[in-house]
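To start, the structure under review is shown below, and the notes come after it.
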Amino acid sequence: MNKTKKMVVLSLLVSIALIIYVIEGQIPVLFPGIKLGLANLISLTALIIFGWKEALLIMFLRTLLGSMFGGSMSAFMFSIAGGLLSNIIMILLYKYFKNSISIWSISILGAIFHNIGQLLVASFVIQDLRIYIYLPVLLISAVVTGYFIGICTNFLIKHLNKIPVLNSVKK
Amino acid sequence: MKKGDKIVAIIVVCVLILSSAGVYTYMKLIKSNHHIAQIKQDGKIIKTIDLDTVTQNQELKIPYGNDDYNTITIEPGRIKITDADCPDKLCVKTGWISQSGQTIVCLPHKLIIAIQGGSKTVDENVY
């Protein structure tokens, strides 16, 4: 019973992340590769409420389905690279530093590494280092969105803790 | 603000300053009066155009694979991607580039158009 409940909750989270991803895709973007990464909000929340395995699972599923819905398979490569790097960093930070760093700092660093991951793959794909010219702009957008996501995550977790269903699903 | 936050903030600001300084220096260093557009796809340079010697407007269609393409328009001194069938069309939205260091990138088609600096490949002026 618990396992099914958990699967349903995780699926719900993945679909919410997908919706966020699709909606943010409509926002006009300045440079190649600025995915605002708003859907990372869900990954971060999952990391805090459930754990690192669930966070990675959600990130992976969301990226896979998201690329099938709205992008090409090459978009998948970029999202996965950024998502993986970003999630790993956030997982490590949360595990070892959760008492000395606020959520929004973790989120900002996660967003920064998300963009760095994307740039790494991009420079490899076009076999050219000049794409790093976009790094400063991406960093600034990462800091801003990271902070915003961090605050949203705080809100979300505060309110999710009030829902009894989730308490029975926690490990 | 916890203790770790301050450290993170300092690191982030440093990285930002360093990368901005790096990019700024790079752009200044390769600034030149010769504007040579280099079109690179899949890691291979497929075309080099001296924008300063262009007299008429030209259009170029660069295929990718079987069905995909990018359409490039070249005018005296500047170049842009006018059409592409990639899903995001960011390359089209980038618009015209004309200065050394500027780039247009189409990631789904592994395409980058960059304006180089320096005049190593061009004949010097004759006085």
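Out of the residues in segment A:17-68 meeting the condition of being of a type in the set (D, E, K, R) and either within 28 Å of B:L111 (Cα to Cα) or surrounded by 24 or more Cβ atoms within 10 Å (Cβ to Cβ) (or both), tell me which one is modelled with the highest pLDDT. Working first, answer last.
In the first step, residues of segment A:17-68 are kept if they are of a type in the set (D, E, K, R); the result is A:24, A:35, A:53-54, A:62.
From the residues that got through so far, the ones that are either within 28 Å of B:L111 (Cα to Cα) or surrounded by 24 or more Cβ atoms within 10 Å (Cβ to Cβ) (or both) too are A:24, A:35, A:62.
On the way: A:E24: 78, A:K35: 66, A:R62: 87.
For segment A:17-68, the residue satisfying everything is A:R62.
Residues in segment B:33-49: is at least one over 17 Å from the mean Cα position of the chain (by Cα) and either among the polar types (S, T, N, Q) or farther than 20 Å from B:L111 by Cβ (or both)? Before the answer, list the steps.
First, the residues of segment B:33-49 that are over 17 Å from the mean Cα position of the chain (by Cα): none.
Scanning segment B:33-49 turns up no residue that is over 17 Å from the mean Cα position of the chain (by Cα) and either among the polar types (S, T, N, Q) or farther than 20 Å from B:L111 by Cβ (or both).
For every residue, the table says whether it meets (1) closer than 30 Å to A:K98 by Cα; (2) in contact with a strand residue (DSSP E or B) (Cβ under 8 Å, 6 or more places away or on another chain); (3) within 14 Å of chain A (Cβ to nearest Cβ); (4) among the basic types (K, R).
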residue	(1), (2), (3), (4)
B:S19	yes, no, yes, no
B:I45	no, yes, yes, no
B:T55	no, no, no, no
B:Y64	no, yes, yes, no
B:R78	no, yes, no, yes
B:D85	no, yes, yes, no
Helices (runs of 4 or more DSSP H) wholly inside segment A:94-171 containing at least 1 residues that are in contact with a strand residue (DSSP E or B) (Cβ under 8 Å, 6 or more places away or on another chain):
A:103-125
Determine, yes or no, whether A:S100 is in contact with an Asp or Glu (Cβ under 9 Å, 6 or more places away or on another chain), closer than 20 Å to A:T45 by Cα, at the interface with another protein chain (Cβ under 10 Å from one of its Cβ atoms) and crowded, with 21+ Cβ neighbours inside 10 Å.
no
Can you pull out the residues in segment A:116-171 that are more than 21 Å from the chain's Cα centre (by Cα), within 13 Å of chain B (Cβ to nearest Cβ) and hydrophobic (A, V, I, L, M, F, W, C)?
A:F124, A:V125, A:I126, A:L129, A:I131, A:I133
Output the residue which, of all residues in segment B:58-97 that are charged (D, E, K, R) and crowded, with 18+ Cβ neighbours inside 10 Å, is nearest to the chain's Cα centre (by Cα).
B:K80
Kindly evaluate A:S67 against the criterion of being under 30 Å from B:K89 (Cβ atoms) and either in contact with a Leu (Cβ under 6 Å, 6 or more places away or on another chain) or part of a helix (DSSP H, G or I) (or both).
yes
Of the residues A:L92, A:L109, A:L85, which single one is more than 22 Å from A:I16 (Cβ to Cβ) and within 10 Å of another protein chain (Cβ to nearest Cβ)?
A:L109
Tell me the residue from B:S32, B:S100 that is surrounded by 15 or more Cβ atoms within 10 Å (Cβ to Cβ), among the hydroxyl-bearing types (S, T, Y) and within 13 Å of chain A (Cβ to nearest Cβ), please.
B:S100
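Name the one entry in B:N70, B:N125 that is modelled with pLDDT of 85 or more and not β-branched (V, I, T).
After applying the criteria, what remains is B:N70.
The values are calculated or read from the model by the stated rules, or taken from the named source; none is laboratory data. Worth saying up front: this structure is predicted, and the values here are computed from it rather than measured. Cβ atoms come from the backbone with ideal geometry, glycine included; neighbour counts cover every protein chain shown.
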